[in-house]
Every structure is written in structure tokens, then in C-alpha cells.
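J.: A single structure is presented below for examination.
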Amino acid sequence: MPPAHKQPLPNATLPTHVAIIMDGNGRWAKQRGLPRLEGHRRGAKAVRSTLTAAFEAGVKYLTLYAFSVENWKRPQDEVGGLMRLLNYFLKQELKTLQKNKISLRTIGRTDALPPSVRKELAATIKATAHHKDRALILALNYGSRTEIADAAAAYARAVAAGKENPDDVSWDAFARHLYTAEIPDPDLVIRTSGETRISNFLLMQSAYAEFIFTPVLWPDFGKAELLACLAEYAKRERRFGQTGEQVAGREKSEK
Ligand code: FPP
């Protein structure tokens, strides 16, 4: 039998939205006696191979946790290096996005990013906005709690403007004000580097997601590792609060 990542994936079990906490760049560099920024540089290469593999496999939304609201606390040269890397990545990847009909979106307080990054983001988002079927979503200056606070403020403003009625509040009504309003919830969340934390990433949106924690450090992640995660996801049974028997019955009646 071929290894898990080479086995064909039945479409019904392919996640529509994969979200990744890319972790381990620093450790990858340290193991090799290299500066942390070299780890991030190799991390950007892993982004390139993972994104191509994900969309080739049929994933429609890929969210990458590229910079958190807490990451500003890192040394200034590392933050600057990450921003430069992001700019370089955006310039390099526009062609790939266009060729594969992928739009770029962002989630997070992007207003606080350096002007050069904001400019490059805005240009890439505009140039790819017509690709409606697939999206690469970069979480930048993102934190789930900040997102909830921003959504609460937006919801309150909508109530004041008479556009929302708090008597009818529901998750769907509130979720219209999240950064992810037009993006389906992630089906699969992957974290690399062996850490088993969520780190303030898509807390509400991943309420029913499957999680995979892999020991692979992010710079070593790529097509084979992603396909192995997709194969693992395909084996899981998602219940959404139902019993295993109900899920089995539903699948039978769909055939
Ligand atoms: C976590 O590794 C990684 C980050 C905080 C940054 C992620 C950035 C990239 C993968 C490269 C640039 C991104 C794009 C989209 C081009 P860490 O530094 O916390 O690793 P450690 O825990 O081993 O120190």
C-alpha cells in the first residue's frame, strides 16, 4: 500500500478550509546554528510549497497565521525582518496567485502594519479580488480576542444604526461582524512544531474543526506533510454534536 500521503482522497472528506499555525522557524534555525530570520526565510519557502499543494489538492480556503498581535514583542530586527519577508513574498507570489486563480485576503488589524506592507497587501488584494473560488487568507496582526472585541464594537455600531436587532442576536448575526464574515469556518486546523496550543487563533471559528498537531518544524513542512494531514483528516468522523450512529445513518441516506 502506498504511504498515507500518496493515497487518493475522496472529495467528500477533503476539507474546504485548512488553517495553519506555522510554528518552529526559530527552532529550525537554532538546530542549524543559523539566525532566527533564516528560519523565517525557510518558513516562507514552506508557505510557497504548502499553498501550491493545498490548492492543487482541491482545498478552497487556506488561512496562515503569519503574524499575531503578540508577535510585536519580539526583537525589533526580527519584526522588521518578518515584515520585509512578507513584502518580498507578496511581490513574488502574485504570479502564482493569478495563475492558480487564488484571491488574497487578510484577517487582523492590518492598519497597524508598516505602510510598505499595507501598500503591497492592498495591491495584491485588488489584483486578485476577481478570483471568487479560492482564497489564501493571511492572518496578520491577528488575535482571536482582538477580533471578538472588534466584532462586538462593530455589532454595537450596527445596533445603534438600526441594522442589527439585539433581541434577535444569534451566532450567525454576530459572526457577520468578524474579520472572517465571508469565509467558511476552518474544517481542519494544523499546528506544526509539536506545540499543542491554539495561541489565540480562530477560537470561535474552529469550534467544530478537526485539529492535527504535527512535530514537523514549519520550514520542513511541504506537500508530503500537507497531504499526510489531509489523509488523516479524511479518516476522522465529524459529528457536529450528533452521535456516531446518527452520522452513519446520515451518510447512508446520502448514498
Ligand atoms: C513561528 O515560529 C512563526 C512565526 C511567528 C512567523 C511565521 C512566518 C513565516 C512562516 C514566514 C513569513 C510568512 C509569509 C506568509 C511569507 P517561531 O519563530 O515562533 O519558532 P520557534 O517557536 O521555534 O521559535
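J.: Can you give the extra length, in nm with one decimal, that the chain gains between residue 13 and residue 31 once fully stretched, where that is 0.36 nm per residue apart less the Cα-Cα distance?
T.: Working it through step by step, the gained length comes to 2.8 nm.
J.: May I ask you to evaluate 6.51 cos²θ - 1.76 cosθ + 1.60, the Karplus curve with θ = phi - 60°, for each residue of segment 48-61 and list the ³J(HN,Hα) values in order in whole Hz, giving x for glycine and proline?
T.: 4, 5, 5, 5, 4, 5, 5, 6, 4, 6, x, 5, 9, 10
J.: Can you give the translational diffusion coefficient of segment 137-255 in µm²/s, computed by Stokes-Einstein from the Kirkwood radius over Cα pairs at 37 °C and 0.692 mPa s?
T.: Working: Rh = 17.0 Å.
Calculated translational D: 193 µm²/s.
J.: If you place +1 on the Cβ of every Lys and Arg and -1 on the Cβ of every Asp and Glu, how big does the dipole about the Cα centre of segment 97-255 come out, in debye to the nearest 20? Walk me through the intermediate numbers first.
T.: Values: 23 positive and 21 negative charges, 109 e Å.
Rounded to the nearest 20 debye, it is 520 debye.
J.: Express in whole angstrom the spacing between the alpha-carbon centres of segment 78-121 and segment 21-53.
T.: Here the two parts' Cα centres lie 17 Å apart.
J.: While we're looking at this one, here's another question. Add +1 for every Lys or Arg and -1 for every Asp or Glu among the other residues with Cβ under 12 Å from the Cβ of residue 42, and state the total. Write down the numbers at each step before the final one.
T.: Details: positive: 27, 32, 36, 41, 45, 48; negative: 38, 220.
Charge balance in the 12 Å sphere: +4.
J.: Arranged by the count of other C-beta atoms within 10 angstrom, fewest first, what order do 118, 239 take?
T.: Numbers: 118 15, 239 11.
Placing the least packed residue first, the sequence is 239, 118.
J.: Full extension from residue 96 to residue 172: what is 0.36 nm times the residue separation minus their Cα-Cα distance, to one decimal in nm? Numbers along the way, then the final one.
T.: Working: separation 76, 0.36 × 76 = 27.36 nm, distance 3.37 nm.
Roughly 24.0 nm would be gained on extension.
J.: Considering all projection directions equally, how large on average is the shadow of the alpha-carbon convex hull of segment 61-126, in square nanometres?
T.: Numbers: hull surface 18.1 nm².
The number I arrive at for segment 61-126 is 4.5 nm².
J.: Which one, 241, 166, 138, is farthest towards the positive end of the dipole of the chain when Lys and Arg carry +1 and Asp and Glu -1 on their Cβ?
T.: Going by the charge dipole, the pick is 138.
J.: Order of 45, 235 from fewest to most other C-beta atoms within 10 Å? Kindly include the intermediate steps, with their values, before the conclusion.
T.: Details: 45 12, 235 9.
Placing the least packed residue first, the sequence is 235, 45.
J.: So, one more: List the GluC sites (Glu not before Pro) in segment 126-223 that DSSP assigns to loop (not H, G, I, E or B) and whose Cβ has at most 16 other Cβ atoms within 10 Å. Which are they?
T.: Numbers: sites: 147, 164, 182, 195, 210; in loops: 164, 182, 195.
Here the GluC sites (Glu not before Pro) that fit, given the DSSP loop and packing criteria, are 182, 195.
J.: Quick one: if the Förster radius is 25 Å, what FRET efficiency do residue 157 and residue 129 give, using the C-beta to C-beta distance and rounding to 0.05? Kindly include the intermediate steps, with their values, before the conclusion.
T.: Numbers: r = 25 Å, r/R0 = 1.00.
The pair residue 157/residue 129 has a calculated efficiency of 0.50.
J.: Rg and Dmax of segment 10-123 over Cα atoms: what are they, in angstrom?
T.: 15.0, 46
J.: Follow-up. At q = 0.11, 0.12, 0.15 Å⁻¹, what is the log10 ratio I(q)/I(0) for the chain, with the Debye formula run over Cα points and no solvent?
T.: -0.64, -0.77, -1.17
Here, each number is a calculation from the coordinates, and none is a lab measurement. Keep in mind that what you see is a predicted model, and the values were worked out from it rather than measured. Cβ sites come from the backbone with ideal geometry, for glycine too, and all protein chains shown count toward neighbours.
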